[in-house]
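Visitor: Attaching a single structure in structure tokens format; questions to follow.
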Amino acid sequence: MEIQMKEIINDYLDDCISANDLKTLQAWIEKSPENARHFAREVMLHDRLANAIRNEISLKQVSVSSLKPENKKFAIPRRPVLSGMAATLVILLTGLWLISNNRLDAAAGINQLIQKSTDLGDRSYTIVNLDTQAEKFDGRRPPVDGAKFYVRGGNQYVLIRKFPDGRQFTTGFDGVQNWAVPPDGAVRLSRDPNRFRGPLPGHKHGLPFVDLRSDLIEIRDAFQISFSEDKSDRLSRLLARKKPGVRGPREVLLRFEADTGVIQEMIFSGLPQAQGGPSNLAVRLIGQETLDPGFFEHQFHHESTREVVQE
């Protein structure tokens with residue numbers, strides 16, 4: 001810290017600061033949380049020293065002679081009486097500064113994800129049930145736990161689930177239409193954007209994460225978001241909490257690479273249970289290998305002899 005600011009802080013503590021220097025001090029405190037914390041430490045140290053003097057020099061020990069001008073060193077300045085309040089205010093202001101700064105970081109973080117969402121390559125994820133109990137199986141719909149989820153570009157996807165006996169149920173979107181390939185029976189195609197998407201994480205509640213850009217914009221606009229850096233794995237963390245009246249899970253946690261925008265993990269907490277399925281689940285990245293050009297078309301996932309029905 002420069003000598004000038006040390007002198008200004010000392011003048012403040014000695015209760016002899018000028019109006020201009022007070023403005024300079026205020027601007028310096030608001031400039032960064034480090035400055036605010038340093039000022040708070042100086043104020044509290046000064047306060048403790050003054051209190052120690054008060055405790056040692058009782059009123060009974062203060063003689064008439066001690067009040068003479070030449071003994072001013074024993075006089076207690078007024079500033080320490082106010083310093084406790086000042087320190088509390090500075091700590092409060094520091095907290096507010098950090099909250100405000102976190103909001104800016106969160107907005108910047110999700111905007112960065114939105115900008116990069118259309119430039120991502122193929123990504124492969126696995127879906128994990130985080131509930132303490134296993135997902136209930138109704139005999140008709142395969143469980144989502146252990147499913148493989150493949151994504152390309154802005155909205156193409158393939159979701160592969162398995163029945164307990166090993167039979168596969170595959171659904172997807174090729175960029176034009178949705179399709180479903182059950183273990184047996186006809187393959188079905190539909191141009192309805194919501195057809196066959198029920199099993200996707202959070203889809204019934206408005207957050208499928210297939211059209212990644214649109215879903216990130218929805219989170220930015222309809223959820224309360226906070227941002228942090230995880231130094232242990234060098235990933236950025238974005239936590240979104242549902243606002244009142246908004247559909248979706250109670251919380252969505254995204255862990256992503258800040259430089260590439262690739263989401264390494266999505267955790268959905270508090271999914272509504274009206275339609276069944278896990279209440280809490282994770283979608284975790286398992287690969288970024290380029291998939292076959294036709295992988296997101298239904299023909300890739302069934303024999304050519306299968307019946308195909310256009311809805």
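Visitor: Carbon-plus-sulfur fraction of the accessible area of the stretch 174-311, 1.4 Å probe, in percent?
Guide: Numbers: 3200 of 6920 Å².
Taking all protein chains in place, the stretch 174-311 shows 46 percent carbon and sulfur surface.
Visitor: Can you run the Rg to Rh ratio on the stretch 163-266? Use alpha carbon positions and the Kirkwood inverse-distance Rh.
Guide: 1.05
Visitor: Still on this model: Using label points projected 7 Å from each Cα along Cα→Cβ, tell me how many nm separate residue 259 and residue 31, to one decimal.
Guide: 3.1 nm
Visitor: Same structure, new question: Give me the distance between the Cα centres of the stretch 128-157 and the stretch 239-304, rounded to whole Å.
Guide: 9 Å
Visitor: Also, quick follow-up: Quick check: net charge around residue 153, other residues with Cβ under 15 Å of its Cβ, Lys/Arg +1 and Asp/Glu -1? Walk me through the numbers before you get to the answer.
Guide: On the way: positive: 116, 123, 152, 213; negative: 119, 122, 174, 211, 215, 292, 297.
That sum, taken over residues with Cβ under 15 Å, equals -3.
Visitor: Right, another one. Quote the relative contact order of the stretch 130-172 in percent (integer), defining contacts as alpha-carbon pairs under 8 Å separated by 6+ residues.
Guide: Relative contact order, the stretch 130-172: 29 percent.
Visitor: Shape of the stretch 240-311 from its Cα gyration tensor (a ≥ b ≥ c, root eigenvalues): rounded if a/c is under 1.5, otherwise prolate when a/b > b/c, or oblate? Kindly include the intermediate steps, with their values, before the conclusion.
Guide: Values: a/c = 3.00, a/b = 1.45, b/c = 2.07.
Cα axes put the stretch 240-311 in the oblate bin.
Visitor: Anything over 27 Å Cα to Cα? Flag those among 31/242; 23/243; 6/31, in the order listed.
Guide: Too far apart for the 27 Å limit: 31/242; 23/243.
Visitor: Still on this structure: Need one number: nm distance between label points at residue 237 and residue 18, each 7 Å from Cα along Cα→Cβ, rounded to one decimal.
Guide: 4.8 nm
Visitor: For residue 308, what residues show an amide H to amide H distance below 5 Å, using hydrogens built from the backbone and excluding near sequence neighbours?
Guide: Residues meeting the criterion, in which the H sits 1.01 Å from N, are 187.
Visitor: How far is it, in nm, from the label point at residue 305 to the one at residue 186 when both lie 7 Å from their Cα along the line to the Cβ?
Guide: That separation, rounded to one decimal, is 1.9 nm.
The values are calculated or read from the model by the stated rules, or taken from the named source; none is laboratory data. Because the structure is predicted, anything quoted here is derived from the model rather than measured. In this analysis, Cβ positions are derived from the backbone assuming ideal geometry, glycine residues included, and neighbour counts consider all displayed protein chains. The accessibility values were calculated without ligands, DNA or RNA, using every heavy atom of the protein model including side chains. Shrake-Rupley method; radii C 1.70, N 1.55, O 1.52, S 1.80 Å.
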